[in-house]
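The values are calculated or read from the model by the stated rules, or taken from the named source; none is laboratory data. It should be emphasised that the depicted structure is a prediction, and the values quoted were computed from it without experimental measurement. Because the Cβ atoms are built from the backbone with ideal geometry, glycine has one as well, and the counts that use them run over all protein chains shown.
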């Protein structure tokens, strides 16, 4: 599963930080493009399922907002 | 019922900072995903957390929209009152500075030739030569003085 995040909204640092925090729950690959950051979710924790993606996106958004001050 | 809704937000009315503010307030209540929409629009997707009923979710969506307005108004007021707030802060900081008399700058004004601690005076001039030192004895011999004892 791949999710594209607009760079005007999400910062790369925040997404990478989030990926590190969620490393125990999901295996992700973060790549940065010109206008968007792509996050590929390779595997989820079985108990949580796709809900991890939503939690991941919430966390990344919170981090991005915090980073912008 | 699906607890998911997409809201299209006009960028001119609600700049990104405003959308951020509304999203941040609601992050603990629902899942928020922001993406670019069509012309000058932000696409905000709200999704209910597990256990959130349709009724609760509808209320959340309403709260989010109200929060957008609230944040927009806050941003507008902040922009209008920025100069006044800056002036108040400047004045507060300025009044906290000590008066120019208390800075002690006048005390430091002095002549560089002043030597109140006597640092510039040579040792010999200040304390003289010791009696019985080899140098003193040589001087005495040269001048032909004899020891009276």
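Please indicate, with yes or no, whether at least one residue in the stretch B:58-71 is within 10 Å of chain A (Cβ to nearest Cβ), free of Cβ contacts under 8 Å to residues at least 24 places away in the same chain and in contact with a helix residue (DSSP H, G or I) (Cβ under 9 Å, 6 or more places away or on another chain). Within the stretch B:58-71, none of the residues are within 10 Å of chain A (Cβ to nearest Cβ), free of Cβ contacts under 8 Å to residues at least 24 places away in the same chain and in contact with a helix residue (DSSP H, G or I) (Cβ under 9 Å, 6 or more places away or on another chain).
Scanning the stretch B:8-38 for residues that are buried (at least 20 other Cβ atoms within 10 Å of the Cβ), without any contact (Cβ under 8 Å) to a residue 40 or more places away in the chain and more than 7 Å from chain A (Cβ to nearest Cβ) yields one hit, B:30.
Each residue in the stretch A:1-36 was checked for being modelled with pLDDT of 90 or more, surrounded by fewer than 16 Cβ atoms within 10 Å (Cβ to Cβ), within 14 Å of chain B (Cβ to nearest Cβ) and outside any loop (DSSP other than H, G, I, E, B), and 2 pass.
For the stretch B:39-56, taking the residues that are touching a residue at least 40 places away in the same chain (Cβ under 8 Å) and in a strand (DSSP E or B), the one that is farthest from residue A:60 (Cα to Cα) is identified as B:48.
Looking across the stretch A:29-69, the residues that are closer than 14 Å to residue B:49 by Cβ and over 11 Å from the mean Cα position of the chain (by Cα) come down to A:48, A:49, A:50, A:51. Taking the criterion of being more than 10 Å from chain B (Cβ to nearest Cβ) and touching a residue at least 24 places away in the same chain (Cβ under 8 Å), the residues of the stretch A:59-69 that qualify are A:63, A:67. Scanning the stretch B:39-57 for residues that are within 13 Å of another protein chain (Cβ to nearest Cβ), crowded, with 17+ Cβ neighbours inside 10 Å and under 20 Å from residue A:51 (Cα atoms) turns up B:44, B:46, B:47, B:48, B:49. Scanning the stretch A:37-58 for residues that are within 14 Å of chain B (Cβ to nearest Cβ), part of a loop (DSSP other than H, G, I, E, B) and touching a helix residue (DSSP H, G or I) at 6+ places or on another chain (Cβ under 9 Å) yields a single hit, A:48.
Just one of the listed residues (B:108, B:130) is over 30 Å from residue A:10 (Cα atoms), at pLDDT below 80 and touching a helix residue (DSSP H, G or I) at 6+ places or on another chain (Cβ under 8 Å), and it is B:130.
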